[in-house]
Each structure stands twice: as C-alpha cells, then as structure tokens.
Amino acid sequence: MRRRIVAVVLTVALAALSGCANPVTVTTTALTGLGSERVHVGIAYDSAGRGDKSFNDAAGAGLDRAKKELLIEATEVTAQAETDEGRAASLRQLVAAGSNPVIAVGFLYAGAIGTVSKEFPNVLFAIIDDASVTAGNVVSLLFAEEEGSYLVGVAAALASKADHIGFIGGVEVPLIKKFEAGYRAGAESVDSSIKVDVTYLTKPPDFSGFSSPDKGRAAAKKLLAGGADVVYSAAGGSGSGSFEAVGAQPGAWAIGVDSDQYLTAPPAVQPRILTSMLKRVDNAVFQEIQAFIKGDRSGGVKRYDLKVDGVGYATSNSAIAKYRPQIEKARYAILSGTVHVPSS
C-alpha cells in the first residue's frame, strides 16, 4: 500500500531577542505518513544565514536534498544573537520544535553546543568545523580545507601572469589558516618563487570578517593595487565584495570558496570567477541525516577530505579547462599520498 505523504509548510516569525530589530524567521517543512518515527532535523546557521551564496547555502543545499530524498521534517534558524547565549537559545528553539538531530553550522557554535548538548542528552547534535566538544551525543563534521585550497592554489599560479597572487581570510583563526596554508602550498608547487600576499579582514573576538562585503572589497582592491592578479577569498559572505573589486580590474581573476560561486555571481562578475574551492558541507549535512535515519546516533568525529569528495574545485567556468590537466595531476598526487598538504 502506498503511503500518503502530505507536505505542510509553516513559517513562524519569532520576536528577536536582545534588542534586535528584525524578527528571526523559522521555516518548518512537515511530512506525514512516514511510519512510526518522523525524523525532524533542526539546522542553525551562522550569522550570515541562508543566502550567503557560500558556507550557509552549502549546508542548506544538503538539508534541501534530505527533504526531497529522505522525506524529513526540517526547521531552520539563524543565531538569535552573536553570543554563546544567543546561539544556545537558537539550539534550544530547535529542540523545542522537536528536532533530532540538530546541526550547527560553524565553529562559533562550539560553546553553545557544549552547554545545550548536556541539557538534552537524548538529542544528537552535529557541529561543522569544530571538534572541541567531546560527548556521546555530539558529532563533529570536519573538512580537509587545505587539500581543496591546494588545488585552487595550483589554478591560481597557472592563471597568474604576474607570478603574484593574493589570499583574503575572513577571520584570522586556525580554521582559515588551513585554507591559506593549502593555497600557498599549491601555488608554490607550480612556481616556487611566486609571491603570495595575505590579508585577514578581522581577528577574534571580531568575527564580522565573514559577513562584511565592504571589508572584502577594500582588501581585494589593496591586493590588486599591490600587484596580485588572482585573489582567493576564504571569507564567507565577504567574498562578494572581493569579487566586485576583481571584476573592476582588467585581467584579474577571483577564486570563490565553499560553494561554486560562479553559479551565483552577478553577470558582470561571473566571467572573472575562475573556480571555487568546494567544501562539500552539503554532502556532510545530507550524509549525517542519512546516518541518523539508519540508526547511527553516536558522537564522534567524521572527516571529509579529497578521498571522500569532501573537498574539491569547481569547473563551471570554461576558463578553468586549460588548467585542469595540471590540477588533476595535483589531485591524484594528494590521493596517492605523494603530496602531503600542510594545514598550517
């Protein structure tokens, strides 16, 4: 007998906390007729939220796939405030909505996960980009960002006519240093004398570097003025500003991050995005939900590297085609163990 599936979409506007002017929007998609247990997934995005065309959107894409293929329920929120308390409130909100598992997008949720996971020991929490919380109901989803960045570093060195490239990091933290290390190593594997200029938009406790296009634009302009002709931005939503700066500089190339940013860039900028370092957060989110449904509900660490398609590079722009043979050679060298990419 076929199961009847009824889809209900419910949008709830919640009053913002801590004096925020705008309401927090929670979207719930409910499916009935799925048997004795309905899996209800909660996902908490970082401050940039859905629509950043990068990190958060990659996570959202994995959730969307799970809705379609696994017929789950889902509730999505963005951090209620840029504090551990605000993030904890968002996680509790998801649990109150019946979510299990609950997925936190970004290492900034570590403190909140540490607190809320103790309050709800029967709920499985997953956090992307952090392994500091060790508990039986917390799973850490980690990536080999340095490996994907190595590949786009190869692309940058091949595309640069000035033998001079740039890197923009959103916030100067160990996670983003992995991007820088891989990018530099990849470029230097092509040209040991290539010049790599590096700039970070902010330092902790200021994490606005992940969501400030104006800072990204200013940083890219400075790198370009200094002679770089390829700029890789590992800066979340700030990357859109760097793309604008590159688009205004004849002959320069931009490299995106996390998602294939060629696909979402404005038409005026799109042709100048050579490639993007793909961080397959979508795969990690989907696979974690799938594992939960299959009964894997224990904590631990799951790593997504080149071998499991956890990272890679985008090929949407046809301009990357002439560099692909050398990039693929580098990819196979990593896979075979011939090349060990530094992470710091």
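The values are calculated or read from the model by the stated rules, or taken from the named source; none is laboratory data. All values reported here derive from a predicted model rather than from experimental measurement. Ideal geometry is used to build each Cβ from the backbone, glycine not excepted, and the neighbour counts take in all protein chains shown. These area figures cover heavy atoms from the full protein model, side chains too; ligands, DNA and RNA do not enter into them. Shrake-Rupley method; radii C 1.70, N 1.55, O 1.52, S 1.80 Å.
Among the residues of segment 281-293, just one is of a type in the set (Asp, Glu) and open to solvent by 30 Å² or more (accessible area, probe 1.4 Å), namely Asp282.
Kindly indicate whether Asp197 is closer than 19 Å to Gln249 by Cβ, in contact (Cβ under 8 Å) with a residue 12 or more places away in the chain and among the acidic types (Asp, Glu). Against the criterion (closer than 19 Å to Gln249 by Cβ, in contact (Cβ under 8 Å) with a residue 12 or more places away in the chain and among the acidic types (Asp, Glu)), Asp197 qualifies. Considered as a group, the residues in segment 56-99 that are assigned to a helix (DSSP H, G or I), acidic (Asp, Glu) and more than 21 Å from the chain's Cα centre (by Cα) include one that is nearest to Val39 (Cα to Cα), and that residue is Glu69.
Looking only at residues in segment 175-230 that are crowded, with 19+ Cβ neighbours inside 10 Å and among the acidic types (Asp, Glu), the one that is nearest to Leu108 (Cα to Cα) is Glu180. Between Ile113, Ile168, the distinction of being open to solvent by less than 40 Å² (accessible area, probe 1.4 Å) and farther than 27 Å from Lys307 by Cα belongs to Ile113 only. Annotation: of all residues in segment 294-311 being open to solvent by less than 60 Å² (accessible area, probe 1.4 Å) and outside any loop (DSSP other than H, G, I, E, B), the one that is farthest from Ile127 (Cα to Cα) is Leu306. Step by step: first the residues of segment 293-314, then only those that are without any contact (Cβ under 8 Å) to a residue 60 or more places away in the chain and not charged (D, E, K, R), then the one that is farthest from Arg280 (Cα to Cα). Which residue is that? Restricting to residues being without any contact (Cβ under 8 Å) to a residue 60 or more places away in the chain and not charged (D, E, K, R), the top hit is Gly295.
For segment 190-200, the condition holds for no residue, the condition being that it is of a type in the set (Lys, Arg) and touching a Leu at 6+ places or on another chain (Cβ under 7 Å). Looking only at segment 325-341, count every residue that is hydroxyl-bearing (Ser, Thr, Tyr) and not in a helix (DSSP H, G or I) and tell me the total. The qualifying residues number 1.
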